[in-house]
There are 2 protein chains.
Amino acid sequence: MLERIRIVLIGTSHPGNIGAAARAMHNMGLGDLALVAPRCEPLTSESISRASGADHIVHAAKVVETLDEAVADCTLAVGASARSRTLPWPMITPRELGERLPRELAGSESRVALVFGREDSGLSNAELQRCHAHVHIPTNPDFSSLNLAAAVQVLAYECRLASLSAEREPRETDDETLQPLASHEELERYFAHLERTLVAIGFHDPAMPRQLMARLRRFTLRARPERMELNILRGMLTATEKCAEPHPAGAAKGRQNQTGQRSDEEV
Amino acid sequence: MLERIRIVLIGTSHPGNIGAAARAMHNMGLGDLALVAPRCEPLTSESISRASGADHIVHAAKVVETLDEAVADCTLAVGASARSRTLPWPMITPRELGERLPRELAGSESRVALVFGREDSGLSNAELQRCHAHVHIPTNPDFSSLNLAAAVQVLAYECRLASLSAEREPRETDDETLQPLASHEELERYFAHLERTLVAIGFHDPAMPRQLMARLRRFTLRARPERMELNILRGMLTATEKCAEPHPAGAAKGRQNQTGQRSDEEV
């Protein structure tokens, strides 16, 4: 179970924090680290020293430019967040995260990302809105800013407890009814398609977004769409786009394509 | 409750670890630090830097020569230990420690010490045997040596959870921002509108439903839509219908014929 949990660090500034996070991960049995646009060289004498024997995790870390790349194949992304922002998002405690993990990782293709932001400014709203849920580590309200590796340590500890508990009590799941969930990448393609369509039908003006896409993201992510459901939704968008096409020639052509694209399996 | 929990560090070698432990303590609302025979100067630029604003805890730390002095007024001392030694001792998990704390600290004069050993060699047998119980943080058997501040972080986190649960503090949810959920009636109106629209754009043929509406219901209901979200979705449907309308009669007929591709199934 632990091997399908990825720690994602965004824009980390201090090599020491990367090393200390790797140590915390390895201590708890996690090994999959992704670094998104790090603002420092990940492998330095300081990061290796703080990793204290877990530097193979830093060596093996995947360095990418965007959060989307880091979590493309993940079926659940949970962002570590200090507090709910302007648009409240599903918020869980570290313990609730641990309790959810065995179920979330029951499917053999499922993969969970725990996403941590910058030392100084955390995760941006755009990054938080790419996550299904936010996890808040309870802290002293007067001194709430946890060291990055300390935050990784707490969540990794909950992951380990969840894994130990899952080993002790094999869950009776209805595995055969489990449908593959949509991956992050599939969801992002859907959201891009949705926004395009809403612009085409004149419902959405990106110059005046009024949180429309954020609200639709939150709603959709809350439902944890299965891959097949997402295919249906995309089919609906394609059919809608054809209707929105302006000129008759295009409309006729569109209608034909539309027939060809009625299938639920459309990607 | 938290103010009566003391963190005791024995023979610490690295000022940075003392600072980081102080930060972890303050993050979780602990403030009472005792240093037993530290093997370094506790207040250095490194410890202050790693304390990151919690250096008042290092300043206020009581520095003593022996464990006995450090825990003299404590009613319970729990030693952090990698594993049971030659002489088995009552062993608890961090979670069990948290569960015991409210009871242990119920009396106004009771005080709990959590005792941590040296970075290199932990607690001696003599020190462990001065503790009522030992707490073992579950770790990867192949890489079990936690950073000192990381160990403090995990136990301090369990203390904070115990305190939150004991004080029955209202959970940190976004309760105050809870939006009214859509009523059954509103949902049914939405589903009727959705079906009408999907027919209008030629995506849905009620004569050949293929469980489309059932799947969309299941998906939508799973998300427990708020009333405001449902209003957005209905606005999207209205905009979509408008796009579907302006097609000339011929085109509308064309769309019907097109669904009639499966005219054998038509009633």
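Looking only at helices (runs of 4 or more DSSP H) that lie completely in the range B:64-149, which have at least 3 residues being open to solvent by less than 30 Å² (accessible area, probe 1.4 Å) and under 17 Å from B:Ile7 (Cβ atoms)?
Working: elements: B:67-70, B:94-104, B:125-128.
Once the helices (runs of 4 or more DSSP H) in the range B:64-149 are filtered for at least 3 residues that are open to solvent by less than 30 Å² (accessible area, probe 1.4 Å) and under 17 Å from B:Ile7 (Cβ atoms), what remains is B:94-104.
Looking at the range A:39-54, can you tell me whether even one residue there is away from chain B (no Cβ under 14 Å) and in contact with a strand residue (DSSP E or B) (Cβ under 7 Å, 6 or more places away or on another chain)?
The answer is yes; a qualifying residue exists.
Looking only at the range B:30-49, which residues are under 12 Å from B:Asn17 (Cβ atoms), of a type outside the set (A, V, I, L, M, F, W, C) and free of Cβ contacts under 8 Å to residues at least 40 places away in the same chain?
B:Pro38, B:Pro42, B:Thr44, B:Glu46, B:Ser47
Would the range B:36-57 turn up any residue that is in contact with a Lys or Arg (Cβ under 8 Å, 6 or more places away or on another chain) and over 20 Å from A:Ser145 (Cβ atoms)? Lay out the reasoning, then the answer.
Step one: filter the range B:36-57 for residues in contact with a Lys or Arg (Cβ under 8 Å, 6 or more places away or on another chain), giving B:39, B:50-54.
Still in the running and over 20 Å from A:Ser145 (Cβ atoms): B:39.
Among the residues of the range B:36-57, at least one is in contact with a Lys or Arg (Cβ under 8 Å, 6 or more places away or on another chain) and over 20 Å from A:Ser145 (Cβ atoms), which makes the answer yes.
Give the number of residues within the range B:1-18 that are in a helix (DSSP H, G or I) and under 21 Å from B:Leu123 (Cβ atoms).
Going through the range B:1-18 one residue at a time, the tally reaches 4.
Just to be sure I understand, how many residues within the range A:215-267 are under 16 Å from A:Glu188 (Cβ atoms), at pLDDT below 90, open to solvent by 50 Å² or more (accessible area, probe 1.4 Å) and not in a loop (DSSP other than H, G, I, E, B)?
0
Can you pull out the residues in the range B:160-180 that are more than 16 Å from the chain's Cα centre (by Cα), at pLDDT below 80 and more than 11 Å from every other protein chain (Cβ to nearest Cβ)?
Those that are more than 16 Å from the chain's Cα centre (by Cα), at pLDDT below 80 and more than 11 Å from every other protein chain (Cβ to nearest Cβ): B:Glu167, B:Arg168, B:Pro180.
Which of the residues that make up the range B:1-15 are in contact with a helix residue (DSSP H, G or I) (Cβ under 9 Å, 6 or more places away or on another chain) and free of Cβ contacts under 8 Å to residues at least 60 places away in the same chain?
Selection gives B:Pro15 alone.
Name the one entry in B:Leu123, B:Leu114 that is within 21 Å of B:Ala20 (Cβ to Cβ) and in contact with a Phe, Trp or Tyr (Cβ under 9 Å, 6 or more places away or on another chain). I'd like the intermediate steps shown before the answer.
On the way: B:Leu114 fails: in contact with a Phe, Trp or Tyr (Cβ under 9 Å, 6 or more places away or on another chain).
Checking each option against the conditions leaves just B:Leu123.
Tell me, yes or no, whether the range A:57-66 has at least one residue that is farther than 28 Å from B:Asn17 by Cα and at the interface with chain B (Cβ under 10 Å from one of its Cβ atoms).
No, every residue in the range A:57-66 fails to be farther than 28 Å from B:Asn17 by Cα and at the interface with chain B (Cβ under 10 Å from one of its Cβ atoms).
Any residue that is away from every other protein chain (no Cβ under 11 Å) and under 19 Å from A:Ala21 (Cα atoms) - is there at least one of those in the range B:18-29?
yes
Please determine whether any residue of the range B:21-43 is surrounded by fewer than 18 Cβ atoms within 10 Å (Cβ to Cβ), in a helix (DSSP H, G or I) and either at pLDDT 90 or above or not hydrophobic (A, V, I, L, M, F, W, C) (or both).
Within the range B:21-43 (the criterion being surrounded by fewer than 18 Cβ atoms within 10 Å (Cβ to Cβ), in a helix (DSSP H, G or I) and either at pLDDT 90 or above or not hydrophobic (A, V, I, L, M, F, W, C) (or both)), the answer is no, since none of the residues qualifies.
Of everything in the range A:200-214 that's among the small types (Gly, Ala, Ser) and part of a loop (DSSP other than H, G, I, E, B), which residue is farthest from the other protein chains (Cβ to nearest Cβ)?
Initially, the range A:200-214 is screened for residues among the small types (Gly, Ala, Ser), giving A:200, A:202, A:207, A:214.
If we keep only those that are part of a loop (DSSP other than H, G, I, E, B) as well, we get A:202, A:207.
Values: A:Gly202: 6, A:Ala207: 17 Å.
Within the range A:200-214, the match that is farthest from the other protein chains (Cβ to nearest Cβ) is A:Ala207.
The values are calculated or read from the model by the stated rules, or taken from the named source; none is laboratory data. This is a predicted model, so every value here is computed, not measured. Using ideal geometry, Cβ is built from the backbone for each residue, glycine included, and neighbour counts are taken over all protein chains shown. Surface accessibility is based on the protein's heavy atoms, side chains included, excluding ligands, DNA and RNA. Shrake-Rupley method; radii C 1.70, N 1.55, O 1.52, S 1.80 Å.
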